[in-house]
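Peer 1: Okay, here's the structure, questions in a sec.
The values are calculated or read from the model by the stated rules, or taken from the named source; none is laboratory data. Because the structure is a prediction, the values reported are computed rather than measured. Every residue, glycine as well, gets a Cβ built from its backbone with ideal geometry; the counts of neighbours run over all protein chains shown. When the accessible area is computed, the model is the full protein with side chains, heavy atoms only, and any ligands, DNA or RNA have been set aside. Shrake-Rupley method; radii C 1.70, N 1.55, O 1.52, S 1.80 Å.
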Amino acid sequence: MEEQKRNPAAGLSESEQVQVRRQKLADLQAAGNDPFTLTKFPQDAYSADLKEEFKELPNETDSGKLVALAGRMMSKRVMGKASFAHLRDDKGDIQLYVRRDELGDEAYAAFKKLDVGDIIGVKGEVFRTKTGELSVRATELTLLAKSLRPLPEKFHGLTDTEMRYRQRYVDLIANPEVKDTFIKRSQILKEIRAYLDEKGFLEVDTPILTPFEIGASARPFYTHHNSLNMDMVLRIETELYLKRLIVGGMDRVYEVGRIFRNEGMDPKHNPEFTSIELYQAFTDFHGMMDLVEELYKRLALKICGSLVIPYQGKQIDMGHWERLTMVEAVKKYSGVDFNDWQTDADAIAAAKAHHVELPEVPTKGAILAEFFDAFVEDKLIQPTFIYDYPVEISPLAKRKPDDPAFTERFEYFIDCTEYGNAFSELNDPIDQKGRFERQVAERKALEPECKAQVDYDYINALEYGLPPTGGLGFGVDRLVMLLTDSASIRDVLLFPTMKPIEQ
């Protein structure tokens, strides 16, 4: 019978169980056995490694190998002179067989007083029981840290989604499969870095605290620098600093950057998130398309083992990427042809006829983007590049030489969600200055209290000469969601932003 059913404390409330555990700690401390004075344990083995090493060991056979394991006790079943427990270490669970004759009367009595959740160290021999479970026969057992709070009920785990996010440490204990998501997250980042490093990119760091708010639509967080007595802004992108480095002659750079945006929260957005931006001199946005496709195929194979991956009930084929201009996509899914609009008034009339929301500044290009949002984005299940964006919504992208109303920009979509954004970077300082100044003026016209400024130092950098450059930015969190089949961004952030619980 499991400890929870034999232990009189099982019927107590959580606060009463905490008091019982605190009293056990006090008794240990009074007896000179305070576990919190211990500083280390000679751990030399892990559960999963032992299971692999002794997978051929027959039932009822000793291995002859002595090990020292350490981890959290996840269950305990006391049966007179012999007991069983399960220890969870960094790589999994393993059964412990604890006998009074092996451990000694005093140590066995101390073991019986342990609680599920306690951190323990165990020394003993690896063997396989007659029922076939690889186990460790304990010859020495040490309490390394006392768990003063009971774990969530064994058979139900921590299922309150809100509490799982707030107390990720308990979530990881109660739901060990959660850890797999974050192991994959680490593997994804490692693989991205390996790919970019192989391509000759250099990883760099740029400032998180920036001196002022730029004119972009994303809203920033403000803070104050005491020594300089100035307000500062947490970055909303890494782009402008990275392109300064291209000017300086670092031809291929990238940054895995923490980004902060003071905006709404939903299953795909968190106020702080991780992006990767990369810039490559002497290529264009088509070069970035090829890079994205190659990288995502590599990640799918490496992380998921297949180019066809499951995501929220759908099968996503990462081996096939469609490429459409925004004009082509809008015509395909709405029947409306941008080329039929001669004036902004024509575009406004079309928007009203199709019940499409008008943008704040209703130009032809901006209205085309609204048509895309209304008719196209929710159709893009399989990987799709949408390119040639209107100049009105692309202040940092180079105009198309043959059609200056559009820019050499693309975004790519999977399962109706935008995953990344790329440009042939605008390197004309005069054009860039004009676009920045219009962008800031439009922001201030709509928000008179806005503190946005033009980054004239970036214009100054461009005046020294930015070579033709392809740039790409994509969110790591959404990519991890895709490759781990996670429905919410909170499932792939160890500590997502949460509203405080009223104390």
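Peer 1: Given all pairs of different Cα atoms, what value in angstroms does the Kirkwood hydrodynamic radius of segment 373-503 take? Intermediate values should be presented prior to the final figure.
Peer 2: Working: mean 1/r = 0.0571 Å⁻¹.
That comes to 17.5 Å for segment 373-503.
Peer 1: Whenever you get a sec, compute what percent of the accessible area on the chain sits on carbon and sulfur atoms (1.4 Å probe). It would help to have the intermediate numbers written out before the result.
Peer 2: Values: 12620 of 24800 Å².
Summing carbon and sulfur atoms, their accessible area is 51 percent of the total for the chain.
Peer 1: Among the trypsin sites (Lys or Arg not before Pro) within segment 198-294, which fall in a DSSP loop and have no more than 15 other Cβ atoms within 10 Å of their own Cβ? Numbers along the way, then the final one.
Peer 2: Working: sites: Lys199, Arg235, Lys243, Arg244, Arg252, Arg258, Arg261, Lys268; in loops: Lys199, Arg235, Arg261, Lys268.
Those that pass, being in a loop and sparsely packed, are Lys199, Lys268.
Peer 1: Hey, another quick one. What accessible area per residue comes out for the chain, rounded to a whole number of Å², with a 1.4 Å probe? Present the calculation step by step, with values, prior to reporting the outcome.
Peer 2: Working: 24800 Å² over 503 residues.
Accessible area per residue, the chain: 49 Å².
Peer 1: Name the chymotrypsin sites (Phe, Trp or Tyr not before Pro) in segment 404-500 that are in a loop by DSSP and that have at most 13 other C-beta atoms within 10 Å, would you?
Peer 2: On the way: sites: Phe406, Phe410, Tyr412, Phe413, Tyr419, Phe423, Phe436, Tyr456, Tyr458, Tyr464, Phe474; in loops: Tyr464.
Passing both the DSSP loop test and the Cβ count: Tyr464.
Peer 1: For the chain, what does the convex hull of the Cα positions come to per residue, in cubic angstrom?
Peer 2: Values: hull volume 106.8 nm³, N = 503.
Measuring per residue, one finds 212 Å³ for the Cα hull of the chain.
Peer 1: In addition: If you line up the long axis of helix 364-375 against the longest principal axis of the chain, both from Cα atoms, how many degrees apart are they, to the nearest 10?
Peer 2: Approximately 40 degrees, to the nearest 10.
Peer 1: A follow-up question, please. Would you mind checking which residues have amide H under 5 Å from Leu144's amide H? H placed 1.01 Å from N; only 5 or more apart, or other chain.
Peer 2: Ile119, Ile120, Gly121
Peer 1: Still on this structure: Could you tell me which of rounded, prolate or oblate describes segment 434-503, using a ≥ b ≥ c as the square roots of the eigenvalues of the alpha-carbon gyration tensor, with rounded for a/c under 1.5 and, failing that, prolate when a/b is larger than b/c and oblate otherwise?
Peer 2: Values: a/c = 3.24, a/b = 1.53, b/c = 2.12.
It is oblate, given that a/c is not under 1.5 and a/b is not larger than b/c.
Peer 1: If you line up the long axis of helix 344-353 against the longest principal axis of the chain, both from Cα atoms, how many degrees apart are they, to the nearest 10?
Peer 2: 50
Peer 1: I need the trypsin sites (Lys or Arg not before Pro) found in segment 7-70, filtered to DSSP loop residues with at most 15 other beta carbons within 10 Å of theirs.
Peer 2: Values: sites: Arg21, Arg22, Lys24, Lys40, Lys51, Lys55, Lys65; in loops: Lys40, Lys55.
Those satisfying the criteria are Lys40, Lys55.
Peer 1: Modelling each spin label as a point 7 Å along the Cα-to-Cβ direction, I'd like the Thr325/Phe36 distance in nm, to one decimal.
Peer 2: Spacing of the two 7 Å Cα→Cβ label points: 6.9 nm.
Peer 1: Can you check what the Kirkwood hydrodynamic radius comes to for segment 367-425, Cα pairs only, in Å to one decimal? Could the numbers behind the result be given before it?
Peer 2: Working: mean 1/r = 0.0854 Å⁻¹.
It is 11.7 Å.
Peer 1: When every alpha-carbon pair in segment 275-384 is counted, what percent end up more than 21 Å apart? Present the calculation step by step, with values, prior to reporting the outcome.
Peer 2: Values: 3175 of 5995 pairs.
Every Cα pair in segment 275-384 considered, those over 21 Å come to 53 percent.
Peer 1: If you don't mind, there's one more thing I want to ask. Counting helices only, and only those DSSP H runs with n ≥ 4, report the 222 nm mean residue ellipticity of the chain as the sum of -39,500 (n - 2.57) divided by its residues, in deg cm²/dmol to the nearest 500.
Peer 2: Working: 16 runs with 164 residues, N = 503.
-9500 deg cm²/dmol, from helical runs alone.
Peer 1: Oh, and also: Taking all pairs of distinct Cα atoms, average 1/r, flip it, and tell me the Kirkwood hydrodynamic radius of segment 56-190 in Å to one decimal place. Write out the running numbers ahead of the final one.
Peer 2: Values: mean 1/r = 0.0617 Å⁻¹.
Here the Kirkwood hydrodynamic radius works out to 16.2 Å.
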